[in-house]
1. Taking only protein heavy atoms into account and a 1.4 Å probe, give the accessible area per residue of the chain in Å².
2. Could you compute how much accessible surface residue 62 exposes when probed at 1.4 Å, giving the result in Å² to the nearest 10?
3. Give me log10 I(q)/I(0) at q = 0.07, 0.08, 0.11 Å⁻¹ for the chain, Debye formula, one equal scatterer per alpha-carbon, no solvent.
4. For residue 318, what accessible area in Å² do you get when you roll a 1.4 Å probe over the heavy atoms of the protein chains, rounding to the nearest 10?
5. Report the charge-dipole magnitude of segment 113-233 in Debye, nearest 20, computed about the Cα centre from +1 at each Lys and Arg Cβ and -1 at each Asp and Glu Cβ.
6. For segment 233-344, just the Cα set please: Rg and Dmax, both in angstrom.
7. Cα-based Rg of segment 1-126 per 2.2 N^0.38 Å, rounded to two decimals?
8. When the accessible area of segment 1-114 is split by element with a 1.4 Å probe, what percent falls to carbon and sulfur?
Amino acid sequence: MKALQYREIGSRPVVVEVPDPEVGPGQVLLKVTAAGVCHSDEFIMGLPAEQYVYGLPLTLGHEGAGIVEAVGAGVTGVHPGDAVAVYGPWGCGRCHMCAQGKENYCLNAQAEEIRPPGLGAPGSMAEYMIVDSERHLVPLDGLDPVKNVSLTDAGLTPYHAIKNSLPKLGAGTTAVVIGTGGLGHVGIQILRAISGATVIALDVNQEKLDLATAVGAHRTFLSNPDAVASVKELTGGRGADAVFDFVGVQPTVELAGAMAAAEGDVTIVGIGGGALAVGFGRIAYDVAVRTPYWGSRAELIEVLDLARAGQVEVEIETYSLDEAPTAYERLHEGKIRGRAVILP
Ligand code: NAD
Ligand code: ZN
């Protein structure tokens, strides 16, 4: 079968022919219907050899949807023909975190070398993929796989981040979204759907700000130090009750810290390597700073429910598997509107 692989440190991903995978006990073989392109792929492909821990060659794709093609011995909950989305942050299924559905924070994943698809295990950018357990599949129940595959990360990750801040986002509050790309443009819609907050979006690119407005942001500003004064002015000097940074570079974490209100939340989702100084007097009183990773299985079900209710819609650009390297080029250049989706 064909697969998109990252094969050599510092190289661009390429489409190659690889053996068809065979389903083992407890596993599920999917015929992939859609695979999303995430900035995290770009990030790992930019790592130097000494920091790269995902194995080579790596079949990319940690957002996946497909049709069950075959099931291994012992699999009883899914059947050939079922349309499913893949819950990507695979865990052991037994530990205290996994028992709560929070496999994204599995206590054993590292020791047992359990790796998410596309981030260690072979991913969804291939004609077929193996899912290690039926536990990691969620029924699509009528949702279009192409339009919704990115909810498995670009939806689930902001949903988890925002849900944790909901107690601070009632009526009359303000939320700021920094970076309105794949995750951010879904985050804006989730904030509109489940919170009472006024939503302010920041980006460095005017086209991304236009998308932010189109998907529901009340106000937009260019992401630069002046944005702090703009947010303060809109909030009567208080600042934002929650800031979600979907970039995470040094300038954006500093912006996030500077515009958070007393008792507000700063949630750094982007993995840009920025560090926020939080000593006494450096940020407003009682600000909580979080660095979440992906989300729980229950939250994936919830975010798919939001889509089914028509409250969240991912803006997509579609590409064939052969065109996947072009999708990554366009992501690299900051040109994707919303999310790129590969159709293997
Ligand atoms: P993306 O490329 O689709 O979007 C990034 C957006 O940020 C773009 O619109 C870009 O114009 C904007 N941007 C860049 N620099 C900026 C700045 N200084 N200020 C404001 N906006 C700026 O990326 P994505 O796929 O949405 O991913 C966003 C980030 O989240 C990446 O760092 C990715 O690796 C990370 N991520 C984290 C998790 C997690 O679990 N924590 C999960 C998925 C992705
Ligand atoms: Zn676990």
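The values are calculated or read from the model by the stated rules, or taken from the named source; none is laboratory data. Note that the structure is a prediction, hence the values are computed from the model and not measured. Here the Cβ positions follow ideal geometry from the backbone for every residue, glycine too, while neighbour counts run over all protein chains shown. Remember, those area values only see protein heavy atoms, side chains included, never the ligands or the DNA or RNA. Shrake-Rupley method; radii C 1.70, N 1.55, O 1.52, S 1.80 Å.
1. Accessible area per residue: 42 Å².
2. About 10 Å², ignoring ligands and nucleic acids.
3. After summing over all Cα pairs, the log10 values are -0.28, -0.37, -0.69.
4. For residue 318, the solvent-accessible surface is approximately 70 Å².
5. 480
6. Cα radius of gyration and Dmax of segment 233-344 are 17.8, 53 Å respectively.
7. Normalised by 2.2 N^0.38 Å, the Cα Rg of segment 1-126 equals 1.09.
8. With neighbouring chains kept in place, the figure for segment 1-114 is 53 percent.
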